[in-house]
1. Can you tell me the alpha carbon radius of gyration of the stretch 259-416 divided by the globular rule-of-thumb value 2.2 N^0.38 Å?
2. For N330 paired with D249, estimate the spin-label separation in nm (one decimal), with each label point 7 Å from Cα along the Cα-to-Cβ line.
3. Please list 412-425, 185-198 highest first by mean number of surrounding beta-carbon atoms within 10 Å per residue.
4. Mean Kyte-Doolittle of at least 1.0 and a Cα length of 27 Å or more along the axis: which whole DSSP H helices of the chain meet both?
5. Can you tell me the FRET efficiency between N487 and W190 if r is taken as the Cβ-Cβ distance and R0 is 41 Å, rounded to the nearest 0.05?
6. For a quick protection proxy, order the peptides 365-377, 237-249 by their average other-Cβ count within 10 Å, most packed first.
7. Under 14 Å between alpha carbons: how many lysine pairs meet that in the stretch 259-416, if sequence neighbours fewer than 8 apart on the same chain are excluded?
8. To the nearest 500 deg cm²/dmol, what mean residue ellipticity at 222 nm is calculated for the chain from DSSP H runs of n ≥ 4 alone, each contributing -39,500 (n - 2.57), summed and divided by the residues?
Amino acid sequence: MAFFLPYHLQIQFVEDKQEFSRFPTKTGRRSLSRSISQSSTDSYGSAASYTDSSDDETSPRDKTQLNSKGTSDFCVKNIKQAEFGRREIEIAEQDMSALISLRKRAQGEKPLAGAKIVGCTHITAQTAVLIETLVALGAQCRWTACNIYSTQNEVAAALSEIGVAVFAWKGESEDDFWWCIDKCVNMEGWQPNMILDDGGDLTHWVYKKYPNVFKKIRGIVEESVTGVHRLYQLSKAGKLCVPAMNVNDSVTKQKFDNLYCCRESILDGLKRTTDVMFGGKQVVVCGYGEVGKGCTAALKAMGSIVYVTEIDPICALQACMDGFRVVKLNEVIRQVDVIITCTGNKNVVTRDQLDRMKNGSIVCNMGHSNTEIDVASLRTPELTWERVRSQVDHVIWPDGKRVILLAEGRLLNLSCSTVPTFVLSITATTQALALIELYNAPEGRYKQDVYLLPKKMDEYVASLHLPTFDAHLTELSDEQAKYLGLNKNGPFKPNYYRYKHASKIP
């Protein structure tokens, strides 16, 4: 089905036919259901333990704060940090020129005028550039965090200062997490008509808690493996009553954000939390998808001895051809120094395996949800938890063995460090275009299903980022285009084309 985006981009969407089983739910403190295996906040300890003791320990929920305009429709750590957050956002803008370019091109048209977007993502300086772009294009936004440790408090304050209703702070408890989501959705006189989600918690909350609101949503944009999985589950069960776009499986997300972002940020997260030297260390990376490929490439380049675990023979063969030994975790559990999970699954590292790890070993997760490491099994009387520094815990066994657990098994890079701005610009631009398309699509264009992003949109997003490198594309001649059977303006690859990864670093 052909249609036009702003800037006359004719593209075609392809429905994804994948099917997944229905996910389980449980009842929380406020009697509201959510996914157990894929929740981004399952916690068995106090989130407050990760709050710097020098900070004000009063919960933001117990404070009354006003921004300079006199409004209080937000809940952040400290609104007085807004000026510092603004400086962080300005730095991010410098490396997100493509998103700024999109903002300038579409600002006059206001393609999101009337859109009421509720978002649940990591709240960082880079996300703030996206949110402010959506506002510039005409949208009203209310925002919360998809991870209780990834919020940059000063950035949340800066957004609240300009009138964006933000409900998030670093170190939320689980109850705070769901309270913040509810405050974003449940606003008298304001009803969302678009959802931008990262992990599916917001979508699931609206679906369960506010079914009448959910039915009136015009579109959902989801960027994570976990969230997309949950959307397909709803679709298979016949319960997805709104169209949704799968940003996670777009080329610009998979091949850039998942791969290149993780390739750089894995080292940053480990260094900031543990000061570990990678040369000679034995590391096992669980999962060889794009995230795993990025992690292994970085570790190998630093001189680590890297093992890979995989369930997929194709990914396993890729790992072998890239020079990694593919093993079962039990085969190397007693000798490895670091375990990194990046599968999107649950209980990838079990209590039995944690019991057999050697003293001083490090365990962390690079997947969206905190389900990959069985942290719950470590909350037992015979084990002692000792805080080392922010988001770093020693778990101590009766014989004195210590295992270093990072961020309680949550996403390492965004919980413990930062991520490359430029790569996030690629994902954010894709999200913005997906929101514009879903919001402006005429009735009937999209059914109640999950749609993949078109190749043409991926190519457009990539083209916006090429000027940063002063890159110049070669143009096809009429004869060449005819020979290849292509339009001179693209798309240049069929939808089934699989872009190869570049996991090796010279």
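The values are calculated or read from the model by the stated rules, or taken from the named source; none is laboratory data. Quick caveat: nothing in here was measured; it's all calculated off a predicted structure. So basically every Cβ, Gly included, is an ideal-geometry build from the backbone, and we count neighbours across all protein chains shown. Side chains are part of the model used for accessible areas, which takes the heavy atoms of the whole protein and leaves out ligands, DNA and RNA. Shrake-Rupley method; radii C 1.70, N 1.55, O 1.52, S 1.80 Å.
1. On the way: Rg = 14.4 Å, N = 158, 2.2 N^0.38 = 15.1 Å.
Cα-based Rg divided by the globular estimate yields 0.95.
2. 3.3
3. Working: 412-425: 23.1, 185-198: 19.1.
Most protected by this proxy first, the peptides run 412-425, 185-198.
4. Working: long enough: 421-440 (28 Å, 1.06).
What comes out of the filter, once short or polar helices are dropped, is 421-440.
5. Working: r = 43 Å, r/R0 = 1.05.
After rounding, the FRET efficiency stands at 0.45.
6. Values: 365-377: 24.7, 237-249: 19.6.
Listed from highest to lowest mean packing, they are 365-377, 237-249.
7. Values: K271/K281; K281/K300; K281/K358; K358/K401.
The number of close lysine pairs in the stretch 259-416 is 4.
8. Values: 17 runs with 169 residues, N = 506.
About -10000 deg cm²/dmol.
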